[in-house]
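To keep things clear, I will list the structure first and then write my remarks on it.
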Amino acid sequence: MKTKRRKNFEIRFYEQLLRKRPDFAHVLFCLGDAYTQRGFYKEGLEVDKRLVKLEPEDPIVHYNLACSFSLVEDVDAALSEFKTAVLLGYDEFDYVYQDADLENLRKDERFEEFFCKLKTLQDNDEIAE
């Protein structure tokens, strides 16, 4: 219960900050995380969409958007955003299989095919070094 109350406080705090500075990316990032931790997935998705507009070249922002799409069960959009994150430089591939937010995406065979190709490319790069 304590964590729930704390997250609710954080959400209100971040929302108030954003009223004064709606494009404060760091606060949006924190708010999106707080929404997701509270199970407010649709709200987190909207925050992540805003962040992508503010930080279109940031691979972590696209990764988080992929997570949000996965949480609301929009696997097509999640896969698309995950691919964008990778193209922009996301490379924490070991974490992808630990991230509970991507559970719905990992169930899709297209994700598995794409991820296998990524691992093969990564392995080939490591051999070449």
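What follows is calculated from the coordinates using simple rules that are stated; it is not laboratory data. Because the structure is a prediction, the values reported are computed rather than measured. Neighbour counts are summed over all protein chains in view; Cβ atoms, including those assigned to glycine, are modelled from backbone coordinates with ideal geometry.
Using the Cβ atoms and a cut-off under 9 Å, what net charge is assigned to the surroundings of Cys67, where Lys and Arg are +1 and Asp and Glu are -1?
For residues surrounding Cys67, the net value is -4.
Along the charge dipole of the stretch 1-41, which of Tyr35, Leu18, Asn8 sits closest to the positive end, that is, farthest toward it, with unit charges on the beta carbon of Lys, Arg, Asp and Glu (+1, +1, -1, -1)?
Toward the positive end, the furthest listed residue is Asn8.
Per the Debye formula with a single identical scatterer at each Cα and no solvent contribution, what log10 I(q)/I(0) holds for the stretch 24-67 at q = 0.16, 0.17, 0.20 Å⁻¹?
After summing over all Cα pairs, the log10 values are -0.32, -0.36, -0.50.
Cut-off is 10 Å between beta-carbons; in what order do Glu109, Glu81 appear when sorted fewest neighbours first?
Final ranking by Cβ density, sparse to dense: Glu109, Glu81.
For the stretch 1-102, what does the equivalent ellipsoid look like in terms of its semi-axes, each the square root of 5 times an eigenvalue of the Cα gyration tensor, given largest first in whole Å?
Rounded to whole Å, the semi-axes are 23, 16, 11.
On average over all directions, what projected area in square nanometres does the stretch 1-41 have, based on the convex hull of its Cα atoms?
2.6
If you average 1/r over all unlike Cα pairs in the stretch 56-129 and invert the result, what Kirkwood radius do you get in angstrom?
Taking every pair of different Cα atoms in the stretch 56-129, averaging 1/r and inverting gives 12.3 Å.
List Val61, Val86 from most exposed to least, where exposure is judged by having the fewest other Cβ atoms within 10 Å.
Val86, Val61
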